[in-house]
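In what follows, a single structure is set out as structure tokens and then discussed.
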Amino acid sequence: MARFRLYPTGGQVRQMLLHCAHSRYVWNLAVEQHAHWEPGRGSAPGFAEQCRQLTEARRANEWLAAGNADVQQQALKDFAAARQARFTSGFGEPTWRKK
């Protein structure tokens, strides 16, 4: 079995850090949306609605649009999975992600 170690260039490192920043930003927005939900209101937006909102946010925000949409949508998908597993995982509600 061959093993390889990749050494990214400085530009590639910056791009990966930018992907991480976008993912963290989208995750934290999803946490914020669900944190403001109160009983009596309609349900908090699900994955599909959040993806539609992400598309609108990418149109309105140049910084967010510069990132990869697949990475950002994967953050939303991971958030939805964390919300589904909050009772069985033992970790509770998803929380903020820090740098």
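Here are a few things to note about the model shown:
- TRP63 over 14 Å from HIS19 (Cα atoms), open to solvent by 60 Å² or more (accessible area, probe 1.4 Å) and of a type in the set (Phe, Trp, Tyr): no
- Criterion: farther than 18 Å from GLN84 by Cα, out of contact with any Gly (no Cβ under 7 Å at 6 or more places or on another chain) and not hydroxyl-bearing (Ser, Thr, Tyr) - qualifying residue of LEU29, LEU6: LEU6
- Counting only helices (runs of 4 or more DSSP H) that sit completely within segment 1-87, those holding 3 or more residues that are in contact (Cβ under 8 Å) with a residue 60 or more places away in the chain, closer than 15 Å to ARG97 by Cα and under 13 Å from the mean Cα position of the chain (by Cα) correspond to 10-35.
- Count - residues of segment 1-28 that are in contact with a helix residue (DSSP H, G or I) (Cβ under 8 Å, 6 or more places away or on another chain) and surrounded by 11 or more Cβ atoms within 10 Å (Cβ to Cβ): 7
- Qualifying residue in segment 33-47 (condition: at pLDDT below 95 and among the basic types (Lys, Arg)): yes
The values are calculated or read from the model by the stated rules, or taken from the named source; none is laboratory data. These figures come from a predicted structure and were not determined experimentally. Note: ideal-geometry Cβ built from the backbone for every residue, glycine included; neighbour counts use all protein chains shown. To get the accessible areas, we keep the full protein, side chains included, count just its heavy atoms, and leave off ligands, DNA and RNA. Shrake-Rupley method; radii C 1.70, N 1.55, O 1.52, S 1.80 Å.
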